[in-house]
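As structure tokens, the structure follows; a few thoughts come after it.
Since every read-out is calculated from the coordinates, none of them should be taken as a lab result. In this text, all values refer to a predicted model and were calculated from it rather than measured experimentally.
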């Protein structure tokens with residue numbers, strides 16, 4: 001059985017697709033300008049997620065703050081996982 005190896009481009013595309021699923025359309029589009037620079041994109045997205053959480057905390061309503069905290073934790077943990085994969089992608093010899 002002949003298996004084709006994954007290319008760097010495919011790995012980068014997979015990370016970018018997962019970014020969209022994790023953070024949603026609005027934040028993914030806001031970071032599209034960094035699509036070719038995945039580590040920078042992930043850092044930028046963390047800032048966007050923090051801003052979203054800060055805005056939700058300002059409501060002062062406990063149910064909104066609790067939901068925002070849960071959403072923030074899920075997104076933040078997932079983005080951190082993507083950062084690990086992004087680092088792995090950089091460490092692979094793609095030649």
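State the volume of the convex hull built on the alpha-carbon positions of the range 8-89, expressed per residue in Å³ and rounded to an integer.
71 Å³
Once every DSSP H run of n ≥ 4 in the chain is given -39500 (n - 2.57) and the sum is divided by its residues, what mean residue ellipticity at 222 nm do you get, rounded to the nearest 500 deg cm²/dmol?
Value at 222 nm, helices only, nearest 500: -25500 deg cm²/dmol.
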